[in-house]
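Trainee: The structure under discussion is supplied below as structure tokens; questions concerning it will follow.
The values are calculated or read from the model by the stated rules, or taken from the named source; none is laboratory data. These numbers come from a predicted model, not from an experiment. All Cβ positions, glycine included, derive from the backbone under ideal geometry; neighbour counts span all protein chains shown.
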There are 4 protein chains.
Amino acid sequence: MVVVVQQNASEKDIEGIIKVLHDFGFDVHRSTGVNQTVLGAIGVKPDFDTRQVELLPGVAHVYRITEPYKLASRTFLNEKSVIDVGGVPIGGDTVVVMAGPCSVENERQIGVIAEHVAKAGAQFLRGGAFKPRTSPYAFQGLGEEGLKLMRKAADDNGLKVITEAMDASQLELMERYADVIQIGARNMQNYNFLRELGKATKPVMLKRGLSATFEEWLMSAEYILSSGNKRVMLCERGIRTFETATRNTMDISAIPVVHAKSHLPIIADPSHGIGIRDKVIPMARAAVAAGADGIIVEVHNDPDHAKSDGAQSLFPAQFDEMMKQVRVIADAIGRKIV
Amino acid sequence: MVVVVQQNASEKDIEGIIKVLHDFGFDVHRSTGVNQTVLGAIGVKPDFDTRQVELLPGVAHVYRITEPYKLASRTFLNEKSVIDVGGVPIGGDTVVVMAGPCSVENERQIGVIAEHVAKAGAQFLRGGAFKPRTSPYAFQGLGEEGLKLMRKAADDNGLKVITEAMDASQLELMERYADVIQIGARNMQNYNFLRELGKATKPVMLKRGLSATFEEWLMSAEYILSSGNKRVMLCERGIRTFETATRNTMDISAIPVVHAKSHLPIIADPSHGIGIRDKVIPMARAAVAAGADGIIVEVHNDPDHAKSDGAQSLFPAQFDEMMKQVRVIADAIGRKIV
Amino acid sequence: MVVVVQQNASEKDIEGIIKVLHDFGFDVHRSTGVNQTVLGAIGVKPDFDTRQVELLPGVAHVYRITEPYKLASRTFLNEKSVIDVGGVPIGGDTVVVMAGPCSVENERQIGVIAEHVAKAGAQFLRGGAFKPRTSPYAFQGLGEEGLKLMRKAADDNGLKVITEAMDASQLELMERYADVIQIGARNMQNYNFLRELGKATKPVMLKRGLSATFEEWLMSAEYILSSGNKRVMLCERGIRTFETATRNTMDISAIPVVHAKSHLPIIADPSHGIGIRDKVIPMARAAVAAGADGIIVEVHNDPDHAKSDGAQSLFPAQFDEMMKQVRVIADAIGRKIV
Amino acid sequence: MVVVVQQNASEKDIEGIIKVLHDFGFDVHRSTGVNQTVLGAIGVKPDFDTRQVELLPGVAHVYRITEPYKLASRTFLNEKSVIDVGGVPIGGDTVVVMAGPCSVENERQIGVIAEHVAKAGAQFLRGGAFKPRTSPYAFQGLGEEGLKLMRKAADDNGLKVITEAMDASQLELMERYADVIQIGARNMQNYNFLRELGKATKPVMLKRGLSATFEEWLMSAEYILSSGNKRVMLCERGIRTFETATRNTMDISAIPVVHAKSHLPIIADPSHGIGIRDKVIPMARAAVAAGADGIIVEVHNDPDHAKSDGAQSLFPAQFDEMMKQVRVIADAIGRKIV
């Protein structure tokens, strides 16, 4: 922690600040310049609230000098993590494709879609059995029945399953049916839940909160990592901005920035990121071009009658077209789509 | 729902749109103007995804014409709700004051603070036993022991207890120790939890999410109300903006806007709203001047050594000063602080 | 400037950083801790781009330690500035009230309004002759004719004139007709214009940009101050947030925060801040309660037929009611409205 | 305009609303449903302030049903505009590359860079002679001397010149030295200036404001178009979000969204968009993959000693690497880089 002293602070103020820092258990180094004194406080605990020092008489600014996260950082591991999901690597040279409907609706629907996306090159089947909905009056998913249908459709087509858990009470079902547990944007800072995920045996894909900074997102990953689950991947799904013409604003820059700060893989979700079908393909292309480790895309055999998010789901033929385009882009930057 | 047709749409497009609307179960009224056709679709279900219509050929815009919430709206109840908490009314003529430390730390601390704030006119003791913290390495609260200490300190001083529950597993303890259950900003859209709160016998104070719109906030209240708990109050605690000089930006306009849209009481939290002690008093004054039904304020007998949020906690003498000032302002606008 | 070195940086990296800092003309103080080295660089020019150092191998973080503004800061002048406008002080004990229509429309309109607001206690007549409008097809103001009408209406009623200049070409007219030159939110960072304002003989009221931070706002004030005009006041008029139910989100916290950082007076504009008539009064009360040095409010004798912003203009009787309420609140916090 | 009437509005309210609409000159169509009445008001002037109707007793919501811009819209021209700049087409099949330093510093610097980027495939030389700077104490550019040096360096290497004008007083110089006039983000809503640009004979590249919506951006383009200059292109350069790890957040989704709403070409500026050199290349790739009509990139022969924005300027060798990568991506989506 660096404490910058006000230009007009008295020697008494400075001694007072140093005393408080010692009381908090810090070692203090003092640099006295012509106009300004700077104090370096060594030994900051990760939970120290810097405002405690900001308020002291004579203090101008206080800066943390360490990232508040450790296990998620490049300082901890200076190479990209590769997460193995039953033989499918995430975070390596290949770009993984996850595809499927927003919600599992019935056996035929999920079966038809799984077969289609598998043939086109997807390695994961996505789909929701528990749906977080803004309105209490909206369709909330099929529950365990949905998970069963999804597992079967995936197994029949050689796919892995990624699906969302909304709270800790659903984790037992996840262990039974899922290969990767997806955590939604609105749960990104549900700390007790994150801690429970640290005890799961399945990898976790943590979506970015609607207005979360990169640091907050990595802090949430840190909760899971520090509770024992080392297989965490991140997912950019769009942030909230002032724009109302699109559902969210997909932050493509999250991809290179997260790669620089963290060793964790990052997946991009253009379906939620842009929120409307006809612009999903350019955003998927952009994500792959920027270096995403995977994309997760909504596909539906009959989007016009989908029970949720039909408007952002690709038609099967559009998915094929997207695959064709992103394959060429992956090649262009030295990566591969299976 | 109103569907505005594109100026250059063909008659075939328009017939196609009408057919889809009929298939979705709507009654359709058509208004044909010189330049533009507008379709009114009657009978929209609350969970209808308007993007399903936006995507149709020939559609320019789609607008919902009903609020997505009902029980929380002024349409449902066109007078302010008054919530009775064991004899203390919230939402009526009086402005209620809730005060106490961020975290319950030990018996002496909570006892001293409770006695002080009760004497100065607070009617509720606030304090946390379960603390949601950004860092997994930070102090997480005393748990049930904290609740016990808080209950005793409140009872000894004639105060009610308001405290935060972080997930559904803590609700049983809340029923035993709390008078009002506080839900934090990061849980505002934790829908399964909201539904569980609908079954609680205690009133709920729902904090606004960091980047939530008024509509989303009222939709979250709707989850609780529609699950059976009619005693819901809202709490403005600051939103996220681009400003980094303050922890949050307290949105004072939430007070008159929520009062216009909803019958639910609204409490203001200047401590989290501004995040730094020396500006809590002007923000508390502003909240009361704007018509808040109550304020919730952090007070600590020794803020410099508080286990959390010391920097935004008032010293006891500052709390007395604040009470003096807000009383005069409440009087000035025809309200009262006990 | 403080340069925090990465934990795994080599001694060679550190020497490289120090060399670059010397080349940029800084004195460097080195503090070597157990885990981390921190370099203090003294003598930073105000325009130094810290990213030049962030990019060097081995650098973890770079922090400026001085405010980029000087003349606007409390370090430069540690008491509040009082600006005298022809005998009316702004920034002292009194809270000044500025009122009038959005646009000057004709002689009768501006005369009637001026008379009304003067009687009710306003000291300034506000009104626009040059209107910045989002649409090129909207009413753009009466130009010089509007200024003449406004000057006359003000003189007839003992009021000062505050009105907006949209660019440097209008400054000559401002010198002739205005007492305070208002600069709109969208011009806050129009730097050439700010420099011209530094040469004006009239005081300037600088509105905050829609998404400006406090630092950026004060930097814009610095442009004017450093170009020679010492009479600058600030105006909070609402910022952009995610909320669409109100036109803007009025940031009441700007009042205590600006007072802590700067000696310049700050005026609040609840009309633009909330954007709808029925909520202007509570926001005006909140602004005065928070310590604003003045309020600027839109009033119209016939808002339903106003040429602009009628929806946020108070009826004359509402203005009287507002004055009554804000007077009591000013009293309650030891200030005065004439 | 569609006016939705409140569910509990009386017949008298409805008649009152209709009367007001007639008074404003609208034709009114009434649709009476079981629960709700909707009024269609035909003949809305582009500058009509819908809040004038929102305030009437009995009104629930008011929606505009026409875009406020015309000349910039797809309704006006339903194919992409191609702007010819002295033989270089912008908006067609090719993706144009504009490159050069942030500021023109001296003859040698601009000459060396121009030669390098021309060889690598750029068609435009970018560079600033007038620099808008947040700090009044920062380097403000070489002025006309800079324009001369830039013109010469461009001519020597077969490049076109794009450079920024900060206000109308500089337009005469632009006509003399520039091929495209660049308008900065902070001037996007400087309306008088936009009108002057409508009279320029040179094409204009209009950068998006830091917190501008797509509609506001297109409205600003409309100012220029409606004042007579039909050659307008847009430039996405990053918006402000909560993230502080990057200078701005580059909104890649602007590319497909603007293409859907408008016929104007859109250029992407990854240098300002991400603000730090090592992430410019992935963002440039993403922009081309998403369909941008061009990219504008900062390149400097000695970025460590650049007078401005060195930290986001590519080294010449990095520019070559970028060109190689974006060429392959342009090919992959059926476009071409010369």
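Trainee: Let me confirm something: among C:38, C:97, which residue is buried (at least 19 other Cβ atoms within 10 Å of the Cβ) and not assigned by TED's automatic domain parsing to the domain that holds residue C:268?
Mentor: Matching residue, one of C:38, C:97: C:38.
Trainee: Filter the range B:1-35 down to residues that are part of a loop (DSSP other than H, G, I, E, B) and in contact with a strand residue (DSSP E or B) (Cβ under 6 Å, 6 or more places away or on another chain) and give me whichever is surrounded by the fewest Cβ atoms within 10 Å (Cβ to Cβ).
Mentor: Among them, the one singled out is B:33.
Trainee: Sticking with this structure for a sec: So, of the residues in the range A:179-202 that are more than 25 Å from residue A:134 (Cβ to Cβ) and charged (D, E, K, R), which turns out to be surrounded by the fewest Cβ atoms within 10 Å (Cβ to Cβ)?
Mentor: A:199
Trainee: I'd like the full set of residues that are of a type in the set (Lys, Arg) and within 30 Å of residue C:197 (Cβ to Cβ), limited to the range D:127-168.
Mentor: D:131, D:133, D:148
Trainee: I've got another one for you. Of all residues in the range B:152-194, how many are away from chain A (no Cβ under 14 Å), over 30 Å from residue B:251 (Cβ atoms) and part of a helix (DSSP H, G or I)?
Mentor: 8
Trainee: Can you tell me which residue is farthest from residue C:279 (Cα to Cα) among those in the range C:205-252 that are of a type in the set (Asp, Glu) and within 13 Å of chain D (Cβ to nearest Cβ)?
Mentor: So the residue we want is C:222.
Trainee: A further question on this structure: In the range C:308-322, which residues are surrounded by 22 or more Cβ atoms within 10 Å (Cβ to Cβ) and either not acidic (Asp, Glu) or not assigned by TED's automatic domain parsing to the domain that holds residue C:133 (or both)?
Mentor: Correct list: C:308, C:311, C:312, C:313, C:314, C:319, C:322.
Trainee: Further, regarding this structure: Among the residues of the range A:64-87, is any buried (at least 21 other Cβ atoms within 10 Å of the Cβ), touching a helix residue (DSSP H, G or I) at 6+ places or on another chain (Cβ under 7 Å) and assigned by TED's automatic domain parsing to the domain that holds residue A:297?
Mentor: No.
Trainee: Report yes if residue C:337 is of a type outside the set (Ser, Thr, Tyr), touching a residue at least 24 places away in the same chain (Cβ under 8 Å) and not assigned by TED's automatic domain parsing to the domain that holds residue C:100, otherwise no.
Mentor: So residue C:337 fits the description; yes.
Trainee: Residues A:222, A:321: which one is part of a helix (DSSP H, G or I), in contact (Cβ under 8 Å) with a residue 24 or more places away in the chain and out of contact with any helix residue (DSSP H, G or I) (no Cβ under 8 Å at 6 or more places or on another chain)?
Mentor: A:222 is the lone residue from the list that is part of a helix (DSSP H, G or I), in contact (Cβ under 8 Å) with a residue 24 or more places away in the chain and out of contact with any helix residue (DSSP H, G or I) (no Cβ under 8 Å at 6 or more places or on another chain).
Trainee: So, of the residues in the range D:40-63 that are among the β-branched types (Val, Ile, Thr) and over 32 Å from the mean Cα position of the chain (by Cα), which turns out to be nearest to the other protein chains (Cβ to nearest Cβ)?
Mentor: Only one residue tops the list, namely D:53.
Trainee: Give me the pairs, please: first residue somewhere in the range A:265-279 and touching a residue at least 12 places away in the same chain (Cβ under 8 Å) and facing chain D (nearest Cβ under 9 Å), second residue anywhere and hydrophobic (A, V, I, L, M, F, W, C) and not in a helix (DSSP H, G or I), beta-carbon distance under 6 Å, and either six or more positions apart or on two chains.
Mentor: Filtered contacts from the range A:265-279: A:273/A:250; A:274/A:250.
Trainee: Looking at D:271, D:253, D:220, D:226, which one is among the hydroxyl-bearing types (Ser, Thr, Tyr), under 28 Å from residue C:19 (Cβ atoms) and either assigned by TED's automatic domain parsing to the domain that holds residue D:197 or under 21 Å from the mean Cα position of the chain (by Cα) (or both)?
Mentor: Exactly one of D:271, D:253, D:220, D:226 is among the hydroxyl-bearing types (Ser, Thr, Tyr), under 28 Å from residue C:19 (Cβ atoms) and either assigned by TED's automatic domain parsing to the domain that holds residue D:197 or under 21 Å from the mean Cα position of the chain (by Cα) (or both), namely D:271.
Trainee: Taking the range D:27-56 on its own, how many of its residues are in contact with a helix residue (DSSP H, G or I) (Cβ under 9 Å, 6 or more places away or on another chain) and either among the hydrophobic types (A, V, I, L, M, F, W, C) or touching a residue at least 60 places away in the same chain (Cβ under 8 Å) (or both)?
Mentor: The total comes to 6.
Trainee: Checking residue B:103 against (1) in contact with a Gly (Cβ under 7 Å, 6 or more places away or on another chain); (2) more than 14 Å from chain A (Cβ to nearest Cβ); (3) of a type outside the set (A, V, I, L, M): exactly one of these is not met. Which one?
Mentor: Condition (2) is where residue B:103 drops out.
Trainee: Got a sec? Which of B:332, B:268, B:286 is closer than 21 Å to residue C:289 by Cα, out of contact with any strand residue (DSSP E or B) (no Cβ under 9 Å at 6 or more places or on another chain) and buried (at least 21 other Cβ atoms within 10 Å of the Cβ)?
Mentor: So the residue among B:332, B:268, B:286 that is closer than 21 Å to residue C:289 by Cα, out of contact with any strand residue (DSSP E or B) (no Cβ under 9 Å at 6 or more places or on another chain) and buried (at least 21 other Cβ atoms within 10 Å of the Cβ) is B:332.
Trainee: Which of the residues spanning the range D:167-203 are polar (S, T, N, Q) and out of contact with any strand residue (DSSP E or B) (no Cβ under 6 Å at 6 or more places or on another chain)?
Mentor: Across the range D:167-203, the qualifying residues are D:169, D:170, D:187, D:189, D:190, D:192, D:201.
Trainee: Could we say that residue A:332 is closer than 19 Å to residue A:93 by Cα, among the aliphatic types (A, V, I, L, M) and more than 14 Å from chain B (Cβ to nearest Cβ) here?
Mentor: Yes.
Every residue, every condition in (1) within 20 Å of residue D:308 (Cβ to Cβ); (2) part of a strand (DSSP E or B), yes or no:
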residue: D:230; (1), (2): no, no
residue: D:233; (1), (2): no, yes
residue: D:242; (1), (2): no, no
residue: D:246; (1), (2): yes, no
residue: D:256; (1), (2): no, no
residue: D:264; (1), (2): no, no
residue: D:273; (1), (2): yes, no
residue: D:285; (1), (2): no, no
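Trainee: Now for a separate question. Restricting attention to the range B:128-161, report how many residues are on the phi > 0 side of the Ramachandran plot and in contact with a helix residue (DSSP H, G or I) (Cβ under 9 Å, 6 or more places away or on another chain).
Mentor: Of the residues in the range B:128-161, 2 are on the phi > 0 side of the Ramachandran plot and in contact with a helix residue (DSSP H, G or I) (Cβ under 9 Å, 6 or more places away or on another chain).
Trainee: Looking only at the range A:237-255, count how many residues are crowded, with 24+ Cβ neighbours inside 10 Å and over 22 Å from residue B:239 (Cα atoms).
Mentor: 4
Trainee: Shifting gears a bit: Looking at the range B:116-147, which of its residues are more than 18 Å from residue B:167 (Cβ to Cβ), in a strand (DSSP E or B) and not hydrophobic (A, V, I, L, M, F, W, C)?
Mentor: B:126
Trainee: Give me the pairs: first residue in the range D:302-315 and closer than 8 Å to residue D:102 by Cα and more than 9 Å from chain C (Cβ to nearest Cβ), second residue assigned to a helix (DSSP H, G or I) and basic (Lys, Arg), beta-carbon distance under 9 Å, and six or more apart or on different chains, which are they?
Mentor: D:313/D:277
Trainee: List the residue pairs whose Cβ atoms are under 8 Å apart, where the first residue sits in the range B:118-146 and is away from every other protein chain (no Cβ under 14 Å), the second is among the basic types (Lys, Arg), and the two are 6 or more positions apart or on different chains.
Mentor: Short answer, once both residue conditions are applied: B:121/B:327; B:123/B:160; B:124/B:160; B:125/B:160.
Trainee: Tell me the residue from D:262, D:226 that is closer than 24 Å to residue A:245 by Cα and buried (at least 24 other Cβ atoms within 10 Å of the Cβ), please.
Mentor: Residue meeting the stated conditions: D:262.
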